[in-house]
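Structure first, commentary second.
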Amino acid sequence: MNIVYLNEARMRRQLEKAQSLVSRIAQALLDGYAIQPELPLAETLGYDMSISNLEALELFVKDQLQLLDEQLAQSVFQVLCDRLQRRLTRMPSHLQGSLL
């Protein structure tokens, strides 16, 4: 298999995982706030009225995650540091000296 195809497959899986996570967050918001199906949530959030409340919440989550503000950045900074640290510790030891 070609490297290009591996990268495309990896990107496709990452996008599918991200969409799944967005859908789960949206469903949790829908359930957590007990939003009734007849509530015009899409219109309230500024989206096309023809979409469902779940679809409106999915768009809302995506939009909010794209608008990285200071508070959100601070909230995720430690998570990013931990993830980077895990990746860096997997590097071969002869390459780790160049990080100083």
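The values are calculated or read from the model by the stated rules, or taken from the named source; none is laboratory data. Just so it is clear, the structure is predicted and the values come from calculations on it, not from any experiment. Cβ: placed from backbone, ideal geometry, glycine included. Neighbour counts: every protein chain shown.
What's the number of the condition E38 fails, among (1) in a loop (DSSP other than H, G, I, E, B); (2) under 28 Å from E16 (Cβ atoms)?
Here E38 meets the rest and fails (2).
Any residue in the stretch 35-64 that's assigned by TED's automatic domain parsing to the domain that holds V22 and among the acidic types (D, E): show its pairings with residues that are assigned to a helix (DSSP H, G or I) and buried (at least 16 other Cβ atoms within 10 Å of the Cβ) at Cβ separation under 6 Å, as long as the two are six or more apart or on different chains.
Matching pairs, first to second residue: E58/V22; E58/A26.
Might you check whether a residue that is outside the structural domain of Y33 (by TED's automatic domain parsing), assigned to a loop (DSSP other than H, G, I, E, B) and either surrounded by 10 or more Cβ atoms within 10 Å (Cβ to Cβ) or in contact with a strand residue (DSSP E or B) (Cβ under 7 Å, 6 or more places away or on another chain) (or both) occurs anywhere in the stretch 74-85?
Within the stretch 74-85, none of the residues are outside the structural domain of Y33 (by TED's automatic domain parsing), assigned to a loop (DSSP other than H, G, I, E, B) and either surrounded by 10 or more Cβ atoms within 10 Å (Cβ to Cβ) or in contact with a strand residue (DSSP E or B) (Cβ under 7 Å, 6 or more places away or on another chain) (or both).
Report yes if D31 is part of a helix (DSSP H, G or I), charged (D, E, K, R) and modelled with pLDDT of 90 or more, otherwise no.
Yes: the conditions hold for D31.
Pick from the stretch 53-75 the residues that are within 11 Å of the chain's Cα centre (by Cα) and among the polar types (S, T, N, Q): which of them is farthest from E38 (Cα to Cα)?
Out of the qualifying residues, it is Q66.
Quick one: which of Q14, Q19 is within 22 Å of Q64 (Cβ to Cβ), surrounded by 11 or more Cβ atoms within 10 Å (Cβ to Cβ) and among the polar types (S, T, N, Q)?
Q19
When you scan the stretch 22-35, how many residues do you find that are farther than 13 Å from L54 by Cβ and surrounded by 13 or more Cβ atoms within 10 Å (Cβ to Cβ)?
Residues meeting the conditions: 0.
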